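Trainee: Structure incoming, see below.
The values are calculated or read from the model by the stated rules, or taken from the named source; none is laboratory data. These figures come from a predicted structure and were not determined experimentally. Counting neighbours? That spans all protein chains shown, and the Cβs are built from the backbone with ideal geometry, glycine included.
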Amino acid sequence: MSVLQASRKTSQVSSSNDPFVALGINPLKNFKNTNLLANFITEMGKIKPRYKTGLTAKSQRRLSKAIKRARAFGLMPVTTRPYFMYNYKALGRSGSQY
């Protein structure tokens, strides 16, 4: 096996990590499926980068567009608050002070 064939083999393996290509799903058509899109968002509401998700460039562009579309329709929150802002008792404070 030549070096060129070995490099082609590794590039084919990396594209199989993309669940959208493997399952034949177009994220733009499934922007209403917020459970699927939530897997690609951090806790603070940012879209995860491509090197963390393992998506192809085309799928990453479609995914980001689908997330932005879901946010525009109000299906997903644009920003989130940290957990401690909701739970004052966890900080040892009562809700009456605030």
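Trainee: Quick check on G45: is it touching a Pro at 6+ places or on another chain (Cβ under 8 Å), outside any helix (DSSP H, G or I) and either surrounded by 10 or more Cβ atoms within 10 Å (Cβ to Cβ) or at pLDDT 85 or above (or both)?
Mentor: yes
One line per residue, one yes/no per condition, for (1) part of a helix (DSSP H, G or I); (2) in contact with a His (Cβ under 8 Å, 6 or more places away or on another chain); (3) loosely packed, with under 10 Cβ neighbours inside 10 Å; (4) at pLDDT below 95:
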residue	(1), (2), (3), (4)
M1	no, no, yes, yes
K9	yes, no, no, yes
V13	yes, no, yes, yes
A22	yes, no, no, yes
N30	no, no, no, yes
M76	no, no, no, yes
R93	no, no, no, yes
S96	yes, no, yes, yes
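Trainee: Show the residue pairs that are 6+ apart or on different chains and have beta-carbon atoms under 6 Å apart, the first residue being within the range 48-61 and exposed (fewer than 15 other Cβ atoms within 10 Å of the Cβ), the second being in a loop (DSSP other than H, G, I, E, B).
Mentor: Final answer for the pair search is none.
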